[in-house]
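Taking it in order: structure first as structure tokens, then the write-up.
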Amino acid sequence: MPTKKKSLTSSMQAAAGNDTNLPEETAEQKSESQPKLSTSRAPVREGTRAIGGHFAPEVLKQLKLIALENDTTNQKLLGEALNLLFANYGKPPIA
């Protein structure tokens, strides 16, 4: 019958002379000790979805510069750009 391998922690403690034979953590204890990730969204983001793309660094730099010069946000500029794109294709501005 195969024997259960020692945990890395107990092996390291034994090698250092600190073998305290601590019991192994159960799966339940391990899940309790790990931080839980929040799956809730900020209220302002409810009902929305993220849209993204990969562009050259200069694109982001220019977008930030335009936002700064016009005292607005990247989010608002991207909404404006999407609405112009929609209009160009004969769709209503919904962004």
#### Entry: Cβ-Cβ under 9 Å pairs, at least 6 apart or on other chains, segment 2-23 side among the hydroxyl-bearing types (Ser, Thr, Tyr) and modelled with pLDDT of 65 or more, far side open to solvent by less than 80 Å² (accessible area, probe 1.4 Å) and in a loop (DSSP other than H, G, I, E, B)
10/19
### Query
Under the condition of being in a helix (DSSP H, G or I) and open to solvent by 90 Å² or more (accessible area, probe 1.4 Å), which residue from segment 79-95 is nearest to residue 60 (Cα to Cα)?
80
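The values are calculated or read from the model by the stated rules, or taken from the named source; none is laboratory data. Since the structure is predicted, the reported quantities are computational estimates derived from the model, not experimental observations. Quick reminder, even Gly has a Cβ in these numbers, built from the backbone with ideal geometry, and neighbours come from all protein chains shown. Note: areas computed on protein heavy atoms with side chains; ligands, DNA, RNA excluded. Shrake-Rupley method; radii C 1.70, N 1.55, O 1.52, S 1.80 Å.
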